[in-house]
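What follows is a set of notes on a single structure, which appears directly below.
The values are calculated or read from the model by the stated rules, or taken from the named source; none is laboratory data. Keep in mind that what you see is a predicted model, and the values were worked out from it rather than measured. As a convention, Cβ positions derive from the backbone with ideal geometry for all residues, glycine included, and neighbour counts pool all protein chains shown. Accessible surface areas use protein heavy atoms only, side chains included; no ligands, DNA or RNA. Shrake-Rupley method; radii C 1.70, N 1.55, O 1.52, S 1.80 Å.
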Amino acid sequence: MPSPIRLTVALLCALCTRAAPLAATQGAPPPAPDSERPPGPLPIHEQPTEPGIAWFGTWSEALAEAERTARPMLFMSAAPQCQRVPGVW
Amino acid sequence: MVAASRAFVCVRPQTYEDAEEAKILSYVFSGRSGLENTSFALLDPTGKKLTAGSRSPSMSYGEVERFVAALDATAAKYAEKAKPIEALPTLRNLRLALNVAAADMRPLVVVRGKDEAAAQALARKLAKLAWSKELVGEAHYVMLHEAVEFEALAPELGTSVVQPDPYGLGGKVLVHVKPEADAKALAKALATGFEQHKVEAREHDAHVREARRRGIEWESPIPLSDPHVPERRR
């Protein structure tokens, strides 16, 4: 049974990156919140193996498209920095 | 999970980057201290919550399989009336787009028109390719209608595929096509650019240490308020 930390890592990874779900569930990339991150160095990403989620980057455009297409929304906000360092979630 | 997401309009606002958008983030999920670094929920097409908001899917569902089942069940309720997504999914500006593309290790496609109407026309042309089976989810996009220069990156009129710097501080233009390029030339340019884009494996702590050494720091317009992150590290 994977630990809750590992599950958080896997889910956030799959949501925030283009990494494959299988790689994610195997515990590859860990853009988890600081409090949930296990100690020690961890890889940011493994080599992506398939396309990722196609994200709208702004709320207004996403809402307009959801209304037009009558589709539900998958909403996941994230800060594009870690300890004020860019290039990482 | 990625396959299940295709039935949704997926939106990932960047926390702490826009005051108006922060209100939506707070509606979705807000801790006792205010905005947290991440927030998650499934929403209906009008933006109303279908699920309780939380910090992450794992908080809500625990296991990937349960999350995928929830996505599929929600999508099924809207499938009959759902129309194809046609809008180009863009990021707010070049600075943010480079940062997000760097964090996701995806190429960034910059669309620049001579004015807003021209940029919109280019974006419509590009959107068909962006949502095609071959290219969906491969890149991030940003639309410009003014001459913008950021960290020595000054995209020309037309469409450019950019390899972002690992910290989102500028980038290298891999491929560029002029605004008048037809759909075939555009498709070829995207395919070539995505092929040339390099995913360089990075290690989190080394990435942070190198940023400290070089004095790289990201400034957000909204104060960071996540209580899970120690104040000295915000």
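Taking label points 7 Å from Cα along the Cα-to-Cβ direction, B:Lys77 and B:Val199 give a separation of 3.4 nm.
Take the alpha carbon atoms of segment B:56-182, find their radius of gyration, then divide it by 2.2 N^0.38 Å using N residues; give the quotient. Provide the component values of the computation, followed by the final result.
Details: Rg = 17.1 Å, N = 127, 2.2 N^0.38 = 13.9 Å.
After normalising by residue count via 2.2 N^0.38 Å, the value is 1.23.
Based on C-alpha pairs under 8 angstrom that are at least 6 apart in sequence, chain B has a relative contact order of 20 percent. Averaged over the residues of B:160-170, the number of partner chain Cβ atoms lying within 10 Å of the residue Cβ comes to 2. A simple spin-label model places pseudo-atoms 7 Å from Cα toward Cβ; at B:Ile222 and B:Arg124 they are separated by 3.3 nm.
When averaged across all projection directions, what area in nm² does the alpha-carbon convex hull of segment B:111-230 cover? Walk me through the numbers on the way to the answer.
Working: hull surface 38.7 nm².
Averaging across all directions leaves 9.7 nm² for the Cα convex hull.
For segment B:29-113, a/c is not less than 1.5, where a ≥ b ≥ c are the root eigenvalues of the C-alpha gyration tensor, and a/b does not top b/c. That puts it in the oblate class. Taking Cβ atoms as reference points and 13 Å as the exclusive limit, the residues near B:Lys83 contribute a net charge of -1, counting Lys and Arg as +1 and Asp and Glu as -1.
Round to a whole number: what % of the accessible area of segment B:185-230 belongs to carbon and sulfur, probe 1.4 Å? Show your work: numbers first, answer last.
Details: 1360 of 2620 Å².
Carbon and sulfur: 52 percent of the exposed surface of segment B:185-230.
Need the C-alpha centroid separation for segment B:165-226 versus segment B:28-45, integer Å. The distance from the Cα centre of segment B:165-226 to that of segment B:28-45 comes to 27 Å.
Before we go on, tell me the buried accessible area for the B/A pair, both chains summed, 1.4 Å probe, in Å² to the nearest 100.
Numbers: alone 14670 and 6690 Å², together 13980 Å².
Answer for the B-A pair: about 7400 Å² buried.
Accessible area per residue for segment B:38-98, computed on protein heavy atoms with a 1.4 Å probe, is 46 Å².
On average, how many beta carbons from a partner chain sit within 10 Å of the beta carbon of a residue in B:127-137? Could you put the intermediate results ahead of the total?
On the way: counts 0, 0, 0, 1, 1, 0, 1, 1, 2, 4, 8.
Average per residue, whole number: 2.
Taking other residues whose beta carbon is less than 15 angstrom from the beta carbon of B:Ala22, and scoring Lys, Arg as +1 and Asp, Glu as -1, yields -3.
With the Cα gyration tensor of chain B giving a ≥ b ≥ c as the square roots of its eigenvalues, does the rule (a/c under 1.5 for rounded; else a/b larger than b/c for prolate; else oblate) give rounded, prolate or oblate?
On the way: a/c = 1.76, a/b = 1.17, b/c = 1.50.
In terms of gyration-tensor shape, oblate.
At a Förster distance of 45 Å, what's the computed FRET efficiency of B:Arg32 paired with B:Ala147, Cβ-Cβ distance as r, to 0.05? That gives a FRET efficiency of 0.50. If you take the Cα centroid of segment B:73-131 and the Cα centroid of segment A:68-84, the two points sit 13 Å apart. Distance between the pseudo-spin-label points of B:Leu50 and B:Arg66 (7 Å out from Cα toward the beta carbon): 1.8 nm.
Beyond a 27 Å Cα-Cα separation, which of these cross-linked pairs lie in this structure: B:Lys83/B:Lys198; B:Lys23/B:Lys178; B:Lys114/B:Lys188; B:Lys83/B:Lys125; B:Lys77/B:Lys125? Provide the component values of the computation, followed by the final result.
Numbers: B:Lys83/B:Lys198 34 Å; B:Lys23/B:Lys178 39 Å; B:Lys114/B:Lys188 23 Å; B:Lys83/B:Lys125 18 Å; B:Lys77/B:Lys125 31 Å.
Over 27 Å Cα-Cα: B:Lys83/B:Lys198; B:Lys23/B:Lys178; B:Lys77/B:Lys125.
GNM remark for chain B: springs join alpha carbons under 10 Å apart, and the peak mean-square fluctuation among B:Glu116, B:Glu156, B:Glu219 falls on B:Glu219. For the peptides B:41-52, B:104-115, B:71-82, residues were scored by their other Cβ atoms within 10 Å and the scores averaged per peptide; the highest-first order is B:104-115, B:41-52, B:71-82.
Under the definition of partner shielding as Cβ atoms of other protein chains within 10 Å of a residue Cβ, what is the mean value for peptide B:83-95?
Average neighbour count from other chains, rounded to a whole number: 4.
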